[in-house]
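Following: one structure in structure tokens, then a few remarks.
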Amino acid sequence: QVQLVESGGGLVQAGGSLRLSCAASGRRTYTMAWFRQAPGKERDLVAAISWAGGTTLYKDSVKGRFTISRDNAKNTVFLSMNSLKSEDTAVYCCAAGSMGLSSEASEYSYWGQGTQVTVSS
């Protein structure tokens, strides 16, 4: 079993930055990912990172603005978000899976509760 706890969400003005953290308990060799879901929209992959951290996958609209990273010694994954836009407003959820990098939510077995990110324009 893996428990995931996110932190770092909040309200920020457009153009600002936030850093989300996801602390994981249990097994460490998981692919980790951040998904987001805005009201009335489907849940989408934002970014994913392999368990060793060498391979990443990003949603096109966040490339160059967001960076996913992990500290396996602390069993924590991060999402650094810069140049935030109003369309980035959503609940951001951390996920863990034993498969390789994937943009499909069904490939991830464990989920956190989510943290709200609101970007004001």
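The values are calculated or read from the model by the stated rules, or taken from the named source; none is laboratory data. Because the structure is a prediction, the values reported are computed rather than measured. Counting neighbours? That spans all protein chains shown, and the Cβs are built from the backbone with ideal geometry, glycine included. Accessible surface areas use protein heavy atoms only, side chains included; no ligands, DNA or RNA. Shrake-Rupley method; radii C 1.70, N 1.55, O 1.52, S 1.80 Å.
Tabulated results
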| read-out | value |
| --- | --- |
| The chain: Cys lacking any partner C-beta under 4.7 angstrom | 93 |
| Cross-link reach list, lysines versus residue 63, counting only Cα pairs under 19 Å and skipping chain neighbours closer than eight places | 85 |
| Percent accessible area from carbon and sulfur atoms, the chain, protein chains only, probe 1.4 Å | 46 |
| Positive-end residue, the chain charge dipole about Cα centroid, Cβ charges, pick of 75, 9, 116 | 75 |
| HN-Hα J in Hz across the stretch 29-43 - Karplus 6.51, -1.76, 1.60, θ = phi - 60°, x for Gly and Pro | 8, 10, 5, 10, 8, 10, 10, 9, 9, 8, x, x, 10, 6, 6 |
| Choice from 81, 99, 32 with maximal GNM fluctuation in the chain (Cα, 10 Å cutoff) | 99 |
| Cα-centre dipole for the chain with unit charges at Cβ (Lys and Arg positive, Asp and Glu negative), debye to 20 | 260 |
| Placed amide H near residue 109: partners under 5 Å, 5+ positions off or other chain | 96, 97, 98 |
| Kirkwood hydrodynamic radius (C-alpha pairs) into Stokes-Einstein, the chain, 37 °C and 0.692 mPa s, D in µm²/s | 234 |
| Centroid-to-centroid separation of the stretch 48-84 and the stretch 1-38 [C-alpha atoms, Å] | 10 |
| For the stretch 1-83: accessible area per residue (Å², 1.4 Å) | 53 |
